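The values are calculated or read from the model by the stated rules, or taken from the named source; none is laboratory data. Remember, it's a predicted structure, so these values are computed and weren't measured experimentally. Backbone-built Cβ (ideal geometry, glycine too); neighbour counts: all protein chains shown. These accessible areas exclude ligands, DNA and RNA; they are computed on the full protein's heavy atoms, side chains included. Shrake-Rupley method; radii C 1.70, N 1.55, O 1.52, S 1.80 Å.
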Amino acid sequence: MSAENIISTAIVKSFSEKFISGLKLDVAIVGGGPSALVAAHDLAKAGLKTAIFERKLSPGGGTWGGGMLFNEVVVQDEALNILDDFNITHKPLSDAKGYHTLDSVEMASGLIFGALKAGAKIFNSISVEDLVFKDGKVNGLVINWTAIERLGLHVDPLTVIAENVIDGTGHPSEILNLAVKKAKIKLSTPTGDIIGEKPMWVENGEASTVENTREYFPNLYACGMSANNVMGGYRMGPIFGGMLMSGRKVADLIIHKEK
Ligand code: 48H
């Protein structure tokens with residue numbers, strides 16, 4: 001075999017094995033933002049078969065760019081233990097107790113690396129376009145290459161079967177939107193529908209992100225900004241403790257869920 005042939009065959013074989021093992025999961029996570037990466041890390045560490053499906057080439061969601069492309073973010077005391085679990089460096093602010101800064105590129109890359117090393121799989125450049133919904137139950141995801149989505153090619157998707165689905169799609173809550181609009185699911189919100197994100201209020205938004213992280217329909221969860229959007233929480237800008245704690249909470253809910 002030529003080197004060219006060895007390389008191409010190795011990639012296709014190895015990817016196929018990984019992809020096939022990702023088609024039946026304990027937990028399928030849509031979106032690879034910070035909350036999803038923490039969730040994937042914790043779930044995989046607990047022994048659950050977990051994969052993230054991320055639309056973009058780079059997982060990490062809104063972490064890379066810090067605040068307005070100043071590539072630093074802020075995290076508060078309560079979330080430092082999560083950064084420490086991923087070995088991500090942080091430094092306290094000298095003029096405001098309880099807050100810390102960290103390099104947003106280190107945070108994005110550290111969370112990705114940590115989730116993978118814990119045993120989660122990450123499939124990038126794949127978009128989730130629908131749910132598998134059988135007999136009134138959420139059974140998994142409908143996926144396609146982002147390139148196909150972007151080019152508008154008429155190509156049928158494939159499916160992922162999963163015991164649990166997490167919407168980690170950030171501000172738009174794409175999966176819960178699909179659940180409401182296409183599956184006609186009534187979410188466990190005051191209206192049964194998505195309430196919609198409110199403007200900026202940092203302390204409130206940080207607390208409500210964690211509070212709103214929960215199961216919105218049997219086996220269908222939301223974390224991060226998606227959870228906040230569903231319940232009408234405030235946004236908080238480039239502070240990330242709430243996202244990290246939300247990821248930890250959703251993993252904990254699934255790990256300790258009664259069968
Ligand atoms: C595959 C998808 C799909 C899809 C979307 O927004 P994220 O960074 O996620 P969170 O909620 O963990 O973090 C939110 C944070 O980054 C943020 O925006 C904050 C704190 N904002 C505050 C403010 O005031 O603005 O990442 C979501 C990811 C992205 O990478 C998307 O590409 C991906 O989900 N995604 N992937 N299929 N249908 N929809």
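Enumerate by residue number the trypsin sites (Lys or Arg not before Pro) in region 66-150 meeting two conditions: DSSP loop (anything except H, G, I, E, B), and at most 11 other Cβ atoms within 10 Å of the site's Cβ.
Working: sites: 97, 117, 121, 134, 137, 150; in loops: 97.
Hits after loop and neighbour filter: 97.
Where the only charges are on Cβ atoms (+1 Lys, Arg; -1 Asp, Glu), what is the dipole of the chain about its Cα centre, to the nearest 20 debye?
Working: 25 positive and 29 negative charges, 134 e Å.
Value, rounded to 20: 640 debye.
For the pair residue 93 and residue 204, how long in nm is the line joining their label points, each one 7 Å along Cα→Cβ?
2.0 nm
When the helices in the chain are scored as -39500 (n - 2.57) per DSSP H run of 4 or longer and the sum is shared across all residues, what 222 nm value do you end up with, to the nearest 500 deg cm²/dmol?
Numbers: 9 runs with 98 residues, N = 259.
Result for the chain: -11500 deg cm²/dmol, rounded to the nearest 500.
Using 0.36 nm times the number of residues separating residue 258 and residue 56, minus their current alpha carbon distance, what extension gain do you get? It would help to have the intermediate numbers written out before the result.
Values: separation 202, 0.36 × 202 = 72.72 nm, distance 3.38 nm.
This chain segment gains 69.3 nm when fully extended.
Alpha carbon centre of region 1-57 versus region 68-113: separation in Å?
The distance from the Cα centre of region 1-57 to that of region 68-113 comes to 26 Å.
Among 212, 82, 255, pick out the residue whose Cα is farthest towards the positive end of the charge dipole of the chain, where Lys and Arg carry +1 and Asp and Glu carry -1 on C-beta, about the Cα centre.
255
Quick one: which of 217-223, 98-104 comes out on top by average Cβ neighbours within 10 Å, and what's the full order, highest first?
Values: 217-223: 23.4, 98-104: 16.9.
Going by the mean number of other Cβ atoms within 10 Å, highest first, we get 217-223, 98-104.
Determine the gain in length on full extension of the stretch residue 105-residue 137; use 0.36 nm per residue of separation and subtract their C-alpha separation, reporting nm with one decimal.
Values: separation 32, 0.36 × 32 = 11.52 nm, distance 3.85 nm.
So the chain would gain 7.7 nm between residue 105 and residue 137.
How many angstrom lie between the Cα centre of region 194-208 and the Cα centre of region 149-169?
Each part reduced to its Cα centre gives a spacing of 28 Å.
Which shape class applies to region 178-259: rounded if a/c is under 1.5, otherwise prolate when a/b exceeds b/c and oblate if not, where a ≥ b ≥ c are the square roots of the Cα gyration tensor eigenvalues? Spell out each step's value before the answer.
Details: a/c = 2.53, a/b = 1.22, b/c = 2.08.
Oblate shape, in that a/c is at least 1.5 and b/c is the bigger or equal ratio.
Distance cut-off 26 Å, Cα to Cα: go down the list 121/249; 186/249; 13/257; 13/181 and report the pairs above it.
Details: 121/249 20 Å; 186/249 23 Å; 13/257 35 Å; 13/181 38 Å.
Where the Cα-Cα span goes over 26 Å, the pairs concerned are 13/257; 13/181.
Charges on Cβ only, +1 for Lys and Arg, -1 for Asp and Glu, centred on the Cα centroid of region 1-86; of 37, 9, 48, which one is farthest towards the dipole's positive end?
Ranked along the dipole, the leading option is 9.
May I ask you to give the solvent-accessible area per residue for region 26-258, in square angstrom, as obtained with a 1.4 angstrom probe?
On the way: 10670 Å² over 233 residues.
Dividing the accessible area of region 26-258 by its residue count gives 46 Å².
Have a look at the DSSP beta bridges in region 26-258 and tell me what percent are antiparallel, nearest 5. Working shown, then result.
On the way: 23 of 41 bridges.
Given both bridge residues lie in region 26-258, the antiparallel proportion sits at roughly 55 percent.
Using Cα-only point scatterers and the Debye equation, what is log10 of I(q)/I(0) for the chain at each q in 0.09, 0.12, 0.16 Å⁻¹, rounded to two decimals?
Log-scaled intensity ratios, in q order: -0.39, -0.68, -1.17.
Sorted by accessible area (1.4 Å probe), largest first, how do 84, 156, 26 line up?
I get 156, 84, 26, largest accessible area first.
Treat each spin label as a single point 7 Å out from the Cα along the C-beta direction, and report the residue 159 to residue 195 distance in nm.
3.4 nm
Could you look at region 70-208 and say what percent of its accessible area is carbon and sulfur, using a 1.4 Å probe and all protein chains? Walk me through the numbers on the way to the answer.
Values: 4210 of 7490 Å².
For region 70-208, the apolar C and S fraction of the accessible surface comes to 56 percent.
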